[in-house]
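Novice: I am attaching a structure below and will ask some questions about it afterwards.
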Amino acid sequence: MKISETIEKIMSSDEFVLDEVNKMRVLYNLKKEIRYDHKRVHESHTESVAEHIYALHCLIDYFLPLENPEGNWNAHRIHLMAQYHDIDEIETGDKISFKKTQEDRDNEKLALETVIKKLPEHIQSNVSKLLSEYGEQESYEARFVKALDKLEPVFHMYDDNGSAWLKSVKATRQMHMDTKEKYLEGFPILQRVSQVMGDHYEKEGFYYTES
């Protein structure tokens with residue numbers, strides 16, 4: 001199927017969007033495969049930050065040609081920004097986006113500087129430049145990575161474990177989507193997928209409600 005045909009189907013068919021999400025989630029199965037015959041023992045589904053980054057790389061390959069069919073964005077830089085965008089969490093740990101405070105955000109900046117200084121010297125400068133670009137959100141590449149980072153949990157949560165987690169933290173549709181919408185502006189395919197998945201999550205009872 002040509003890129004133009006895929007774009008047309010995404011924009012016109014909810015069923016096609018849901019089918020594409022399920023197809024991309026095939027790649028997510030690797031996150032469950034533990035190496036060296038080890039076992040992951042947990043009471044419910046877990047995901048490391050590195051597994052989230054793997055998922056981002058997969059989604060970049062899917063969405064980049066749809067959002068930039070001209071092919072003039074720097075794909076290599078996009079992948080590198082995705083690779084390093086969460087390294088502050090080595091120091092801070094991961095926090096739920098809709099529960100973050102300004103203090104949390106300030107700590108992230110300090111943690112990022114700490115982590116970069118711990119890296120091998122010859123990659124520090126490049127990582128710092130990439131993350132400065134990502135933080136400034138002025139380039140198409142940086143905005144695209146940020147938008148995908150906000151959309152990716154919609155893929156990750158698309159199962160019974162995700163539904164249970166959303167309810168456990170009392171996440172309404174508004175809470176779940178408000179942290180995404182402003183970052184998706186200018187990316188019509190990502191906006192469309194977000195809208196379809198939000199509608200589907202609501203229809204299927206993924207979100208917390210008072211009733």
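The values are calculated or read from the model by the stated rules, or taken from the named source; none is laboratory data. For clarity, every value in this text was computed on a predicted model and none was experimentally measured. For neighbour counting, all protein chains shown are included, and Cβ atoms are generated from backbone atoms with ideal geometry for every residue, glycine included.
Novice: Quick one: what pairs do we get from the range 79-104, first residue exposed (fewer than 13 other Cβ atoms within 10 Å of the Cβ), second at pLDDT 90 or above, C-beta under 6 Å, 6+ apart or different chains?
Specialist: If the second residue must be at pLDDT 90 or above, the pairs left are D94/V49.
Novice: For the range 65-156, please list each of the helices (runs of 4 or more DSSP H) lying entirely inside it that holds at least 3 residues being of a type in the set (D, E, K, R) and in contact with a helix residue (DSSP H, G or I) (Cβ under 8 Å, 6 or more places away or on another chain).
Specialist: Helices (runs of 4 or more DSSP H) meeting the threshold: 102-118, 140-156.
Novice: Taking I3, is it over 21 Å from the mean Cα position of the chain (by Cα), without any contact (Cβ under 8 Å) to a residue 60 or more places away in the chain and surrounded by fewer than 16 Cβ atoms within 10 Å (Cβ to Cβ)?
Specialist: Criteria not met by I3.
Novice: If you go through the range 184-211, how many residues are of a type in the set (K, R) and in contact (Cβ under 8 Å) with a residue 40 or more places away in the chain?
Specialist: So the answer is 1.
Novice: Among the residues of the range 48-64, what is the count of those that are β-branched (V, I, T) and under 11 Å from A82 (Cα atoms)?
Specialist: Number of matching residues: 2.
Novice: Another question, if that's okay. Counting just the residues of the range 21-50 that are touching a helix residue (DSSP H, G or I) at 6+ places or on another chain (Cβ under 7 Å) and not aliphatic (A, V, I, L, M), which one comes out modelled with the highest pLDDT?
Specialist: R25
Novice: Another question, if that's okay. Across the range 182-202, what is the total count of residues that are surrounded by fewer than 16 Cβ atoms within 10 Å (Cβ to Cβ) and either under 25 Å from L27 (Cα atoms) or in contact with a His (Cβ under 7 Å, 6 or more places away or on another chain) (or both)?
Specialist: Qualifying residue count for the region: 4.
Novice: Hey, can you tell me all the residues within the range 6-45 that are part of a loop (DSSP other than H, G, I, E, B), without any contact (Cβ under 8 Å) to a residue 60 or more places away in the chain and surrounded by 12 or more Cβ atoms within 10 Å (Cβ to Cβ)?
Specialist: Matches in the range 6-45: S13 only.
Novice: With respect to the numbered conditions (1) closer than 17 Å to E67 by Cα; (2) assigned to a helix (DSSP H, G or I); (3) of a type outside the set (F, W, Y), which one is the sole condition not fulfilled by S163?
Specialist: Every listed condition holds for S163 apart from (1).
Novice: Restricting the search to the range 105-143, which residues are of a type in the set (G, A, S) and surrounded by 12 or more Cβ atoms within 10 Å (Cβ to Cβ)?
Specialist: If the condition is that a residue be of a type in the set (G, A, S) and surrounded by 12 or more Cβ atoms within 10 Å (Cβ to Cβ), then A111, S128, G135, S139, A142 are the ones that fit.
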